[in-house]
Every structure is written in structure tokens, then in C-alpha cells.
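The structure under discussion appears below in the form of C-alpha cells.
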């Protein structure tokens, strides 16, 4: 059976069992076909692990839309319901998503974006973006905050020190009316002169 | 006519020709494509908050051989003479209608900014073209004031596809515009709703609020 015929007959939501039943094939054969078609972009998967895996099969290539919410939801334990559609055409990585999340001034978005520190590959790029938006001490403070509760990649020392040099005398408020009551974050606040809006309970939610 | 995919490709090309980051707001038929209401459009309606962004955008599209054209036969005479009329650019098929700060007498309000539905970033090596897509209520409202061929057809499409339109927000916006000196906002919306009444249920209170706003000013 060729690809087009398979996609036409299988279009919609399917499980492995339904495909085996409909096409009278072995599980291994179906899995091979699904694997190839997923690489070509015709299939999206949902579930897996303890949940039964569901395959969304389309006759057209399903566009892989990249954006802030897609990226954050991919890496964060706390999933977000997007408050607006965000799609990016062009290069967009965790570095960009972190800066964009900061600009939205939304608590949940900020909290979820901390997981991105575990996937930053280009620290220079993050530094350049932070410099462009004058977010240097904020990024430094959030990096230290993320390291309190999560596993993150290590920021190079020269970039860390460069961010620290940009600390201002006046404290920066990330989100108005929100402050921390956690001793570890209070130390970070003092170091960076940035008011961190995450309380003890918020940190516990992240663990 | 231009499809959504072609429009995205065009925006990506424009981003490569920018000399600075530009932000703009899409409304009209091109915005409707992002919602999935239509497959193609002839005009690309764009609103800029400031003249600098518009100038950079115009420089980018003129470098792609888009040329300025006249508003005649596109908009009614009343709008042709409006001081806040758009600049139009075309290369023969699709057309850019570029507004700054206003869509004719309608001010780009804070309410419209808050109701933005989507943000599309077109990144090149150096600069980014950010296209914000206005909320569906604002797309409908602005379609009611531009009076081009097929604008009312587009309004009917939105109403058919969206069962839960926030009519209150549309009425509020028209009344707000009216208080800002745009006498036509309420009148145009009232005319649109009168025509829509034939196809869709609209509460009497919407019309009462519009008439009441007109009476207050007079």
C-alpha cells in the first residue's frame, strides 16, 4: 500500500491497535510506517508511557509551529494555556523564548520559563538579547532562582559576571505586588537588586 | 490574490529587507486568513503605531518593486478625502493598505491592543518583522468602516464561523470611537448590524446602546 493511500484511509485519530485492525498488518510493520511518516511530518503523537499513545494522522504535512508557548510547554513541568497565538518564522530558541516570556509580565509564563535555563545552548546569544532589552540583572537573578529548584545548564563565568556588573542601585521589580518569602531567594534578591516574584509555595510546585 | 502561506513567505522576505525591527498590526482579510476564515485575500491591511515603522516597511516593500497606487475606485469618495487615508502599494496582484495610528477616523485604541489575538514573528538574520493579529471583534468592526467591495461578505463569514462573538466589546469600541470624535463609527456599525439582522440574531439592546450614544453627542 502506498503512502497516500495509507494516509487517506488512516486520517484522523488512531491508536496502534486500531491501525493493526484496520490494515491487517503486524504491530511492527505499523510502527515502522508510523515512524517514517512522523519524520516526514504527517503524524503527531499524543500520550505514550502510561497513557495509550494516540496518533493524529493527516493527509497534509502538519506544520511544526515554533513559538514561545510551544517551546515553554515542551520543556516546562507546568504547562501553559496560551493567552495568545505566538508563531515564529525563523531561528527561535530557548534564549529568545526566555526574553519574550519576561516581556509579557505574566507570573505563570515567568515561572514556566525557568525550565528553559536547562536548555540554553547559546549563552552568548542570551547575553546579547538581555543586553538589547536591558534585562541583564533580571536574567542573572532568574538564573540563580532556577538553580535553587531545577537542574540547569551552567552559565559561563564571564557572562555571569558581565550580567552582575549591570546590577543597578535601585531594585528592579519584575512583577508588581509579588515578592518572595523564601530565604534563598531573598539572598538572590539582595545580590542582584531584583525583586523575585516567586514565593516558597511556588518553588514547591516546581519540584 | 495571496494565500496565507504565500503571505507568510512574503513577510519573511520583507523581514530580510528591513533596516530595523518593525511592529505592525494585521486586520482585514489577511488577518482573517490567520483565523482560518478564508483561504486567500487581495488586500493586506496593516496598521502601524508610528510613522517610523511604516517608513521602514515601505522602504522594504519598494525594494521589492511594490509601487504606490491611488485609492480611487477602491474606497468610497468620502474615505478617499479622509486625512487619515492609507497609502497603497502593489506589484500587480495583492495590495498593501498601510495605515498609521488610525484606520481612517478610527483611532487604534488600547482596547484593540489588549484584544490582540496572535503574534507572528518573522525573523531574519538581523531584524524581526512582528505582525500582531487583531481580535476578531476588531476585525469585524474595522471591516464595517472601510466600505470596500466584499467587506460585508467578510463580516458575514466571521459571524457565521464564530458563534460566540463578543458583541458588547464591538458596541463599546464604536461608542469609544464616537467619544473620540469619530461620528461615523456608530453610524457605520449601526448600518452593518442592520444588514446582519437578516442573517443573524442581534439583541435589540445593541441598537438601543448605539442610538443612545448618538443622542448623547447630539
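Among A:123-130, B:130-137, A:160-167, how do they line up from the highest to the lowest mean number of other beta-carbon atoms within 10 Å?
Top of the packing list down: B:130-137, A:123-130, A:160-167.
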Principal-axis tilt of helix A:94-104 within chain A, Cα atoms, nearest 10 degrees: 60
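What FRET efficiency comes out for the pair residue B:110/residue A:17, r = Cβ-Cβ distance, R0 = 60 Å, nearest 0.05?
Efficiency at R0 = 60 Å is approximately 0.70.
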Between 0 and 90°, nearest 10: helix B:51-62 axis offset from chain B longest Cα axis: 50
0 to 90° range, to nearest 10: angle between helix B:136-146 axis and chain B longest Cα axis: 90
Alpha carbon centroid spacing (whole Å) that separates the range B:122-200 from the range B:1-61: 18
Estimated inter-spin distance, residue B:163 and residue A:2, nm [label 7 Å along Cα→Cβ]: 4.0
Over chain A: helical MRE at 222 nm, DSSP H runs n ≥ 4 each giving -39500 (n - 2.57), nearest 500: -15000 deg cm²/dmol
Percent of beta bridges antiparallel (DSSP, the protein assembly as shown, rounded to nearest 5): 60
Number of partner chain Cβ atoms within 10 Å, mean per residue of A:88-99: 3
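Just so you know, all these numbers are worked out from the coordinates, no wet-lab data involved. Bear in mind the structure is a predicted one, so any value in this text is a computation, not a measurement. Every residue, glycine among them, receives a Cβ derived from its backbone with ideal geometry; neighbour counts consider all protein chains shown.
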